[in-house]
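Chemist: Below is one structure. I have some questions about it.
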Amino acid sequence: MTLPFESGRIIGGCGLHRGRSGEIEAGYWITPGCWGGGYAREALGGLLGAARWIGHSRIAARHALDNPASGAVLRANGFRPTGRTTRYQSLGRGAEVASAEYALELGPRAAPERDWTRATAYAEEAGLGAAA
């Protein structure tokens with residue numbers, strides 16, 4: 001998922017991938033000029049909602065040890081430190097970095113409030129009634 005700014009410029013991204021250990025991991029990045037704006041926290045929260053909806057019950061994540069703000073983003077979204085550290089190849093830095101590992105138990109998938117498979121569901125949600 002990409003994060004567009006008001007101008008349409010991409011300022012970040014987030015997504016899920018299968019990690020080295022086989023578990024599902026969340027990852028995100030924000031361009032430095034937009035750090036501190038809450039974009040990562042909000043994007044990760046939305047991503048976790050989608051992860052729960054598609055049936056994931058546990059998500060792993062990590063942050064570089066020299067980036068404690070990223071750890072705050074994880075904790076704000078309910079992740080808890082596992083107590084483990086590891087090294088990984090950071091694509092953004094082009095180098096291997098030390099990281100702290102986190103995990104989040106999502107729990108069971110919630111029942112949808114609306115049947116989104118019906119063609120009229122989107123129009124109804126927008127307050128337009130049933131589509132003609």
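Bear in mind that the values in this text are calculations on the coordinates, not laboratory data. Quick caveat, the model's predicted, so the values are computed rather than measured.
Chemist: So if I take the alpha carbon set of segment 2-125, get Rg, then get Rh from the Kirkwood formula, what is the Rg over Rh ratio?
Modeler: Rg/Rh for segment 2-125 comes to 1.01.
Chemist: Short version: ³J(HN,Hα) in whole Hz for each residue of segment 27-32, in order, from phi by Karplus 6.51 cos²θ - 1.76 cosθ + 1.60 (θ = phi - 60°), x for Gly and Pro, what are they?
Modeler: x, 7, 8, 9, 5, x
Chemist: Shifting gears a bit: What are the residues whose amide H is under 5 Å from the amide H of Ile11, where those residues sit 5 or more places off or on another chain and H is modelled from the backbone?
Modeler: For Ile11, whose amide H was placed from the backbone, the distant partners under 5 Å are Leu3, Phe5.
Chemist: Okay, next question. Using the Karplus curve 6.51 cos²θ - 1.76 cosθ + 1.60 with θ = phi - 60°, what ³J(HN,Hα) values do you get for each residue of segment 90-103, in whole Hz, with x for Gly and Pro?
Modeler: With coefficients 6.51, -1.76 and 1.60, one gets 8, 5, x, 9, x, 8, 7, 10, 7, 9, 9, 9, 10, 8 Hz.
Chemist: In addition: Given H placed 1.01 Å from N in the peptide plane, which residues other than close sequence neighbours of His63 have an amide H under 5 Å from its amide H?
Modeler: HN-HN under 5 Å from His63: Ala100.
Chemist: Let me ask something additional. Per-residue HN-Hα couplings for segment 35-50, Karplus 6.51 cos²θ - 1.76 cosθ + 1.60 at θ = phi - 60°, whole Hz, x for Gly and Pro?
Modeler: Karplus-based 3J(HN,Hα) across segment 35-50 equals 4, x, x, x, 5, 5, 4, 5, 5, 5, x, x, 4, 5, x, 5 Hz.
Chemist: Using only the alpha carbons, work out the radius of gyration and Dmax of segment 18-76 in angstrom.
Modeler: When restricted to Cα atoms, segment 18-76 yields Rg and Dmax of 12.0, 34 Å.
Chemist: Where the centroid of each part is defined by its Cα atoms, how far is segment 9-32 from segment 53-67 in Å?
Modeler: Answer, in whole Å: 9.
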